[in-house]
Amino acid sequence: MPDGKINPFDGAFQLRAEDEIIAHTRIGQRRGRENARISLNLVAMIDVVFLLLIYFLTVTDFKLGEEIYRMDLPQRQPSAQLADPFELDEDPLRIFIDSAGRDFDQYVISLSGPYESPATFEDLYDFLHQQQISEVTTGGFFAANHPIIVQPERSVRWEHAIEAFNAAAKARYTNVTFSKPR
Amino acid sequence: MSVVTKRGLARVEANLTPMIDVVFLLIVFFVLVSQIVDLENIKEITLPALIDPASEIAGEEQRVVVNVEPGIDGDVKRYKLGGQFYAADLQGIKAMTAHLADLYKLNPSLSVNLRADASTHYQWVEPVMQAVANAAVLSQQPNAVPRVNLVVIRED
């Protein structure tokens, strides 16, 4: 009070004003709670996830275009040998491959029997395709299941051995195997 | 009479949920794929690449992978069957044959994928085929068929 007198209603007024302030604050808090949104801070997680993604992208190696040739190996069980004791063995066509060149990167193909040696694997495929007994070609010698044995020399590169196998498989022969190296 | 609608300031927000979904899927994919590749294959092998080959895409049948790890000048370092390594000598081949025989006992129709480097000499690849054939006999499974899948790369 400016004049130094005590106003008996002054304290009551102050109390009322404080009550009002408290009441307003409570209402405000209630409204604030109603509007509060629960949210996750995803930034850290996204950082980690992207780091993981980049790591796996750089580390992973893919097997691009891998394919297979199925090859049944000759069975050595007694049951397989006694399948038909009177059946005559067909003389297999043997494809010999020799390595040549300084780094064994060249090859020489020859065939068992009175056949001309193919110069390349494409020639080998042409020969095998022409010599197959079928409705399309005439004058063939070999049935589709005629045994064909690929017999590479010891130092022949695997890619050359598999190309010979591919030539026979491409010509639709079904009984193609590898033998021990010469 | 025209009506004027008051809109607040537009908030530009990115919806991160689909992105997180996709990223998680990618991570799960890479985790699975990279484990399989590491266990089965050797990275140093350059498979024979053939143009228009008569090969086929591998199916979902049960198979094991034998890697012929290349050495220098067409030689071989060692063989790898599954996660185990075997020396490229008689003892190593015998141990690998015994391992394959055990696998044939578990699954007589097992296929063996043979992965060898294009420059590896045939003398180092052929023993794997011998081992597979011998393992089928050794397993004493009457219906075991020794079958090798020769793995190549298709070049277009």
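The values are calculated or read from the model by the stated rules, or taken from the named source; none is laboratory data. Since we're looking at a predicted model, the values are computed, not measured. Note: ideal-geometry Cβ built from the backbone for every residue, glycine included; neighbour counts use all protein chains shown.
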When segment B:133-143 is checked residue by residue, the ones that are of a type in the set (A, V, I, L, M) and either facing chain A (nearest Cβ under 8 Å) or closer than 20 Å to A:TYR69 by Cβ (or both) are B:ALA133, B:ALA135, B:ALA136, B:VAL137
Quick check: anything in segment B:71-89 under 17 Å from A:MET71 (Cα atoms) and in contact with a Phe, Trp or Tyr (Cβ under 7 Å, 6 or more places away or on another chain)? no
Given (1) within 20 Å of A:PRO74 (Cα to Cα); (2) surrounded by fewer than 16 Cβ atoms within 10 Å (Cβ to Cβ); (3) modelled with pLDDT under 90, where does B:ARG147 come up short, assuming only one miss? (2)
Could you list all residues from segment B:105-123 that are modelled with pLDDT of 90 or more and within 12 Å of another protein chain (Cβ to nearest Cβ)? B:VAL112, B:ASN113, B:LEU114, B:ARG115, B:ALA116, B:ASP117, B:ALA118, B:SER119, B:THR120, B:HIS121, B:TYR122, B:GLN123
Note down all Cβ pairs under 9 Å where the first residue falls in segment B:17-36 and is at the interface with chain A (Cβ under 7 Å from one of its Cβ atoms) and among the polar types (S, T, N, Q), the second is loosely packed, with under 12 Cβ neighbours inside 10 Å and in a helix (DSSP H, G or I), and they're at least six residues apart or on different chains. B:SER34/A:VAL59
Within segment B:124-132, identify whether any single residue is in contact with a strand residue (DSSP E or B) (Cβ under 8 Å, 6 or more places away or on another chain), closer than 22 Å to B:GLN62 by Cα, at the interface with another protein chain (Cβ under 7 Å from one of its Cβ atoms) and not in a helix (DSSP H, G or I), and answer yes or no. no
Determine whether segment A:155-164 contains at least one residue that is in contact with a strand residue (DSSP E or B) (Cβ under 8 Å, 6 or more places away or on another chain), more than 25 Å from B:ASP52 (Cβ to Cβ) and at pLDDT 90 or above. yes
